[in-house]
């Protein structure tokens with residue numbers, strides 16, 4: 001049985017790493033990613049939603065190393 005996949009972009013993975021693993025404030029994390037704080041918040045929100053979907057619905061999480069968000 002193949003699991004349904006949810007794809008996490010590299011930007012989403014980096015946002016989770018900076019906010020949740022490195023425990024940076026959103027403002028500082030946004031500076032590191034060279035994006036606005038609002039954009040960082042949007043990317044992080046979507047990344048966390050995807051991770052939660054995988055945990056709650058038993059889906060596979062795939063990291064898309066070829067994708068770069070604008």
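Of all the criteria given as (1) in contact with a strand residue (DSSP E or B) (Cβ under 7 Å, 6 or more places away or on another chain); (2) in a loop (DSSP other than H, G, I, E, B); (3) modelled with pLDDT of 95 or more, the one not satisfied by residue 47 is (2). Just to be sure, is residue 16 surrounded by 15 or more Cβ atoms within 10 Å (Cβ to Cβ), in contact with a helix residue (DSSP H, G or I) (Cβ under 9 Å, 6 or more places away or on another chain) and in a loop (DSSP other than H, G, I, E, B)? Criteria not met by residue 16. The set of residues in segment 28-56 that are touching a residue at least 12 places away in the same chain (Cβ under 8 Å) and over 12 Å from the mean Cα position of the chain (by Cα) comprises 29, 32, 33, 53, 54.
The values are calculated or read from the model by the stated rules, or taken from the named source; none is laboratory data. A quick note: this is a predicted structure, and the numbers were derived from the prediction, not measured. Every residue, glycine among them, receives a Cβ derived from its backbone with ideal geometry; neighbour counts consider all protein chains shown.
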